[in-house]
């Protein structure tokens, strides 16, 4: 689909893109750039690309498509560095979990003759680094594109087709709406997981060891989420703070209602809530975003 693709950043998503582009023959050549020489060397050892550059400005030379796979907090800096060397007509995208901030950071630096089409593949694991990637990461997962209204339609369609060939279902969405939706479906759950695991860590030493020793599936699954890349999630909360605070406020109100129901022994209210939330789980399975299997379909190797 592209003669040359530049991947800026080579963590879980970047390395998975490299794998799937190889498998599906989506790029004539792949150039990889990352600021760490050690990480870049590891990417080369894994044969993830055809060329490797520490300097992102060199990596984007002659690239038809540039995908920034860094934490969202540095997207603006990356855009400033690569802007002078961008090929006219190139598509510039990213994979961040926040979209409005990415547009505001990157757009001022980019020349008018390239096409900014921000993207967010909703796929991941708690692992990071070039060794974490695999070609099937995006299979049957959503990728949301958030181009502005004036963005060239053919560029949007081309990137949409690219993600489809990577295995994703693609949705076009307004950037601010994306950030609000992801605040409740992704960002708030991560915030809760970090907080619960942090609370356990703050317990007295004897109790903390028992929490870890006797971890039931609920706490165990929270630790899966809380093991995610701290740099990435720090940037998500800093750059999507308005939407996160809005959803966190609503969550706090609902939590207070639940607290009152428990205090009053209101079993009917609790049963009604638990029934409604179980229906949400069923809907997720029906949408193909998980499977109805023991242990949530996760085998011991993934645990």
(request) Of the numbered conditions (1) farther than 24 Å from residue 71 by Cβ; (2) buried (at least 17 other Cβ atoms within 10 Å of the Cβ), residue 159 fails exactly one; give the number of that condition. (result) (1)
(request) Answer yes if at least one residue in region 58-71 is at pLDDT 95 or above, more than 23 Å from residue 158 (Cα to Cα) and either buried (at least 24 other Cβ atoms within 10 Å of the Cβ) or assigned by TED's automatic domain parsing to the domain that holds residue 163 (or both), and no otherwise. (result) yes
(message) Checking residue 133 against (1) surrounded by 23 or more Cβ atoms within 10 Å (Cβ to Cβ); (2) in contact with a helix residue (DSSP H, G or I) (Cβ under 9 Å, 6 or more places away or on another chain); (3) closer than 28 Å to residue 89 by Cα, only one condition comes out false. Which one?
(response) (3)
(request) Could you grab me the full set of residues in region 212-230 that are farther than 13 Å from residue 187 by Cβ and either surrounded by 14 or more Cβ atoms within 10 Å (Cβ to Cβ) or not assigned by TED's automatic domain parsing to the domain that holds residue 192 (or both)? (result) 215, 219, 221, 222, 223, 224, 226, 227, 229
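Name the residues in region 90-103 that are more than 22 Å from residue 167 (Cα to Cα) and in contact with a helix residue (DSSP H, G or I) (Cβ under 8 Å, 6 or more places away or on another chain), would you?
Those that are more than 22 Å from residue 167 (Cα to Cα) and in contact with a helix residue (DSSP H, G or I) (Cβ under 8 Å, 6 or more places away or on another chain): 100, 101, 102, 103.
Condition check ((1) touching a helix residue (DSSP H, G or I) at 6+ places or on another chain (Cβ under 8 Å); (2) touching a residue at least 60 places away in the same chain (Cβ under 8 Å); (3) not in a loop (DSSP other than H, G, I, E, B)) across all residues:
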| residue | (1), (2), (3) |
| --- | --- |
| 211 | yes, no, yes |
| 219 | yes, no, yes |
| 246 | yes, yes, yes |
| 260 | no, no, yes |
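The values are calculated or read from the model by the stated rules, or taken from the named source; none is laboratory data. Nothing here was measured: the structure is a model prediction, and the numbers come from that model. FYI the Cβ positions are ideal-geometry reconstructions off the backbone, even for glycines, and counts take in every protein chain you see.
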